[in-house]
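The values are calculated or read from the model by the stated rules, or taken from the named source; none is laboratory data. Because the structure is a prediction, the values reported are computed rather than measured. Here the Cβ is made from the backbone with ideal geometry for all residues, glycine too, and neighbour counts use every protein chain on show. Surface areas here come from the heavy atoms of the whole protein model, side chains and all, with no ligands, DNA or RNA. Shrake-Rupley method; radii C 1.70, N 1.55, O 1.52, S 1.80 Å.
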Amino acid sequence: MSDAIRSLSVDGVDPLWTTDGKVYYQTLTFPDTVTSIGDFAYYSGGKIKKIILGDNITSIGRNAFYYCNIVEEIVFSRNLKTIGHEAFRLCGRNTLTKVDLMNTSVTSIGQNAFRNCEVLTDLLLPNTLTSTVVGITGSFATCDKLKNVTLQEGILCDLDFSVSTQFATNDLVNMLNALGTVPSGETKTFTIGATNLEKLTDEQKLIATNKGWTLA
(Lines give C-alpha, C1' and ligand atoms only; values in the text may rest on other atoms or scores of the structure.)
Protein backbone atom coordinates (compact mmCIF):
# COMPACT_ATOMS: atom_id res chain seq x y z
CA MET A 1 0.00 0.00 0.00
CA SER A 2 1.38 3.44 -0.85
CA ASP A 3 0.77 7.10 -0.16
CA ALA A 4 -1.06 7.28 -3.49
CA ILE A 5 -4.05 5.56 -1.93
CA ARG A 6 -6.44 8.25 -0.72
CA SER A 7 -9.47 6.31 0.46
CA LEU A 8 -10.17 2.85 1.75
CA SER A 9 -13.34 1.18 3.00
CA VAL A 10 -12.81 -1.53 5.57
CA ASP A 11 -15.06 -4.51 6.13
CA GLY A 12 -13.92 -5.42 9.62
CA VAL A 13 -12.36 -3.95 12.73
CA ASP A 14 -8.84 -5.17 11.95
CA PRO A 15 -6.73 -2.60 10.10
CA LEU A 16 -4.59 -3.25 7.06
CA TRP A 17 -0.94 -2.68 7.87
CA THR A 18 2.11 -2.02 5.74
CA THR A 19 5.44 -3.67 6.42
CA ASP A 20 6.55 -0.75 8.59
CA GLY A 21 3.50 -1.21 10.81
CA LYS A 22 1.75 2.03 9.90
CA VAL A 23 -1.65 2.72 8.35
CA TYR A 24 -1.36 4.53 5.02
CA TYR A 25 -4.91 5.41 4.02
CA GLN A 26 -6.31 8.90 4.46
CA THR A 27 -10.08 8.34 4.57
CA LEU A 28 -11.19 5.44 6.71
CA THR A 29 -14.82 4.50 5.98
CA PHE A 30 -16.59 1.79 7.95
CA PRO A 31 -19.60 0.06 6.36
CA ASP A 32 -22.80 -0.76 8.20
CA THR A 33 -21.67 -4.35 8.74
CA VAL A 34 -19.20 -3.16 11.39
CA THR A 35 -20.71 -2.90 14.89
CA SER A 36 -17.66 -2.09 17.03
CA ILE A 37 -14.09 -0.85 16.87
CA GLY A 38 -11.70 -2.91 18.97
CA ASP A 39 -9.06 -1.80 21.46
CA PHE A 40 -5.95 -0.33 19.79
CA ALA A 41 -7.46 -1.09 16.36
CA TYR A 42 -5.99 1.96 14.58
CA TYR A 43 -3.41 2.98 17.15
CA SER A 44 -0.85 5.36 15.63
CA GLY A 45 -2.58 5.55 12.25
CA GLY A 46 -0.43 8.48 11.27
CA LYS A 47 -1.79 9.06 7.75
CA ILE A 48 -5.53 8.94 8.51
CA LYS A 49 -7.21 12.31 7.90
CA LYS A 50 -10.91 11.45 8.02
CA ILE A 51 -12.86 8.78 9.91
CA ILE A 52 -16.40 7.86 8.87
CA LEU A 53 -18.09 5.48 11.29
CA GLY A 54 -20.92 3.36 9.91
CA ASP A 55 -24.28 3.77 11.59
CA ASN A 56 -24.29 0.31 13.19
CA ILE A 57 -21.16 0.98 15.23
CA THR A 58 -22.19 1.11 18.90
CA SER A 59 -18.83 1.07 20.66
CA ILE A 60 -15.30 2.34 20.21
CA GLY A 61 -12.65 0.50 22.22
CA ARG A 62 -9.81 1.70 24.38
CA ASN A 63 -7.06 3.54 22.46
CA ALA A 64 -8.84 2.71 19.20
CA PHE A 65 -7.65 5.84 17.36
CA TYR A 66 -4.91 6.93 19.75
CA TYR A 67 -2.30 9.06 18.00
CA CYS A 68 -4.01 9.26 14.64
CA ASN A 69 -2.43 12.64 14.85
CA ILE A 70 -3.45 14.34 11.58
CA VAL A 71 -7.18 13.52 11.64
CA GLU A 72 -9.20 16.54 10.52
CA GLU A 73 -12.75 15.18 10.72
CA ILE A 74 -14.69 12.40 12.44
CA VAL A 75 -18.21 11.45 11.38
CA PHE A 76 -19.76 9.58 14.29
CA SER A 77 -22.31 6.77 14.10
CA ARG A 78 -25.90 7.64 14.98
CA ASN A 79 -26.08 4.50 17.13
CA LEU A 80 -22.79 5.03 18.94
CA LYS A 81 -23.19 4.44 22.69
CA THR A 82 -19.74 4.10 24.30
CA ILE A 83 -16.34 5.67 23.71
CA GLY A 84 -13.51 3.90 25.52
CA HIS A 85 -10.62 5.24 27.56
CA GLU A 86 -8.13 7.22 25.47
CA ALA A 87 -10.03 6.26 22.31
CA PHE A 88 -9.18 9.52 20.54
CA ARG A 89 -6.24 10.72 22.63
CA LEU A 90 -3.82 12.71 20.46
CA CYS A 91 -6.22 12.20 17.55
CA GLY A 92 -5.88 15.23 15.29
CA ARG A 93 -3.63 16.84 17.86
CA ASN A 94 -3.14 19.98 15.77
CA THR A 95 -5.86 19.44 13.13
CA LEU A 96 -9.15 18.33 14.75
CA THR A 97 -11.19 21.40 15.71
CA LYS A 98 -14.69 19.92 16.11
CA VAL A 99 -16.25 16.88 17.77
CA ASP A 100 -19.97 16.57 17.09
CA LEU A 101 -21.73 13.83 19.06
CA MET A 102 -25.13 15.53 19.01
CA ASN A 103 -26.74 13.06 16.62
CA THR A 104 -25.37 9.98 18.35
CA SER A 105 -26.77 7.87 21.20
CA VAL A 106 -23.62 8.18 23.33
CA THR A 107 -24.07 7.37 27.00
CA SER A 108 -20.47 7.23 28.21
CA ILE A 109 -17.13 8.80 27.30
CA GLY A 110 -14.06 7.28 28.92
CA GLN A 111 -11.02 8.56 30.74
CA ASN A 112 -8.79 10.81 28.60
CA ALA A 113 -10.96 9.95 25.60
CA PHE A 114 -10.10 13.20 23.80
CA ARG A 115 -7.01 14.20 25.78
CA ASN A 116 -4.39 16.16 23.85
CA CYS A 117 -6.80 17.14 21.09
CA GLU A 118 -5.08 20.47 21.46
CA VAL A 119 -6.90 22.59 18.87
CA LEU A 120 -10.39 21.32 19.65
CA THR A 121 -12.64 24.38 19.88
CA ASP A 122 -16.14 23.04 19.18
CA LEU A 123 -17.89 20.26 21.09
CA LEU A 124 -21.51 19.12 20.81
CA LEU A 125 -22.93 16.63 23.33
CA PRO A 126 -26.33 14.84 23.37
CA ASN A 127 -28.64 14.46 26.35
CA THR A 128 -28.23 10.68 26.14
CA LEU A 129 -24.88 11.15 27.87
CA THR A 130 -24.90 9.81 31.43
CA SER A 131 -21.21 9.28 32.20
CA THR A 132 -18.01 11.21 31.55
CA VAL A 133 -14.77 11.23 33.50
CA VAL A 134 -14.06 14.49 35.35
CA GLY A 135 -10.89 15.89 36.88
CA ILE A 136 -7.29 15.59 35.76
CA THR A 137 -7.97 12.49 33.65
CA GLY A 138 -11.28 13.82 32.39
CA SER A 139 -12.76 12.92 29.03
CA PHE A 140 -11.64 16.29 27.63
CA ALA A 141 -8.49 16.81 29.68
CA THR A 142 -6.00 19.34 28.21
CA CYS A 143 -8.51 20.54 25.59
CA ASP A 144 -7.82 24.11 26.68
CA LYS A 145 -8.89 25.71 23.38
CA LEU A 146 -12.53 24.72 23.87
CA LYS A 147 -14.78 27.75 23.48
CA ASN A 148 -18.00 26.56 21.82
CA VAL A 149 -19.71 23.78 23.78
CA THR A 150 -23.28 22.94 22.83
CA LEU A 151 -25.25 20.75 25.23
CA GLN A 152 -28.55 19.21 24.18
CA GLU A 153 -31.38 20.39 26.39
CA GLY A 154 -32.02 18.16 29.38
CA ILE A 155 -28.52 16.71 29.73
CA LEU A 156 -27.94 15.06 33.12
CA CYS A 157 -24.30 14.15 33.46
CA ASP A 158 -21.39 15.35 35.58
CA LEU A 159 -19.35 17.56 33.26
CA ASP A 160 -15.94 19.20 33.58
CA PHE A 161 -14.85 22.00 31.26
CA SER A 162 -12.55 23.73 33.74
CA VAL A 163 -9.62 22.97 31.42
CA SER A 164 -10.62 25.95 29.25
CA THR A 165 -11.01 29.62 30.07
CA GLN A 166 -12.02 30.54 26.52
CA PHE A 167 -15.80 30.60 27.11
CA ALA A 168 -17.75 33.82 26.70
CA THR A 169 -20.39 34.56 29.35
CA ASN A 170 -23.24 33.95 26.88
CA ASP A 171 -21.83 30.52 26.04
CA LEU A 172 -21.63 29.61 29.73
CA VAL A 173 -25.22 30.74 30.26
CA ASN A 174 -26.38 28.67 27.28
CA MET A 175 -24.76 25.61 28.84
CA LEU A 176 -26.45 26.29 32.18
CA ASN A 177 -29.82 26.66 30.47
CA ALA A 178 -29.37 23.30 28.75
CA LEU A 179 -28.77 21.39 31.99
CA GLY A 180 -31.65 19.14 33.01
CA THR A 181 -33.33 19.16 36.40
CA VAL A 182 -31.53 16.82 38.78
CA PRO A 183 -33.88 14.15 40.17
CA SER A 184 -34.54 14.23 43.90
CA GLY A 185 -31.89 12.35 45.84
CA GLU A 186 -29.25 12.62 43.11
CA THR A 187 -26.28 14.96 42.79
CA LYS A 188 -24.76 16.41 39.63
CA THR A 189 -21.77 18.72 39.30
CA PHE A 190 -21.00 21.11 36.49
CA THR A 191 -17.33 22.06 36.79
CA ILE A 192 -16.11 25.13 34.90
CA GLY A 193 -13.37 26.42 37.20
CA ALA A 194 -12.84 29.65 39.10
CA THR A 195 -12.03 31.81 36.07
CA ASN A 196 -15.26 30.89 34.29
CA LEU A 197 -17.32 31.16 37.46
CA GLU A 198 -16.15 34.75 37.83
CA LYS A 199 -17.77 35.55 34.47
CA LEU A 200 -21.21 34.70 35.85
CA THR A 201 -23.45 36.81 38.03
CA ASP A 202 -25.10 35.30 41.08
CA GLU A 203 -28.38 35.35 39.18
CA GLN A 204 -26.87 33.44 36.27
CA LYS A 205 -25.43 30.83 38.64
CA LEU A 206 -28.94 30.27 39.99
CA ILE A 207 -29.95 28.90 36.57
CA ALA A 208 -28.01 25.76 37.49
CA THR A 209 -28.38 25.65 41.26
CA ASN A 210 -32.15 26.06 41.04
CA LYS A 211 -32.18 22.85 38.99
CA GLY A 212 -30.21 20.98 41.65
CA TRP A 213 -26.74 21.28 40.17
CA THR A 214 -23.54 22.02 42.04
CA LEU A 215 -21.31 24.55 40.29
CA ALA A 216 -17.59 24.18 40.74
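Observations on the model:
- At q = 0.20, 0.28, 0.30 Å⁻¹ the log10 of I(q)/I(0) for the stretch 92-143 amounts to -0.68, -1.13, -1.18, computed by Debye summation with a single uniform scatterer per C-alpha, solvent ignored.
- In percent, rounded to a whole number, the relative contact order of the chain is 11, using alpha-carbon pairs under 8 Å and six or more apart.
- You can think of it this way: the chain between Val75 and Asp55 has 6.2 nm of extra reach, that is 0.36 nm per residue less the Cα-Cα gap.
- Listed residue (Gly54, Leu215, Phe190) projecting farthest to the positive dipole end of the chain, Cβ model: Gly54
- Using all pairs of distinct alpha-carbon atoms, the Kirkwood hydrodynamic radius of the chain works out to 17.7 angstrom.
- Extension gain for Asn148-Thr169 works out to 6.4 nm (0.36 nm per residue, less the C-alpha to C-alpha distance).
- Tilt relative to the chain, helix 169-178 - C-alpha long axis, 0 to 90 degrees, to 10: 90
- Proximal charge balance of Leu146 [Cβ under 14 Å; K/R count +1, D/E count -1]: -2
- Here the stretch 79-197 was treated as a single set of alpha-carbon atoms; its pair distances binned every 5 Å from 0 give 2, 12, 22, 27, 22, 11, 3, 1, 0 percent.
- When the solvent-accessible area of the stretch 113-216 is split by element, carbon and sulfur atoms take up 46 percent of it, the probe being 1.4 Å.
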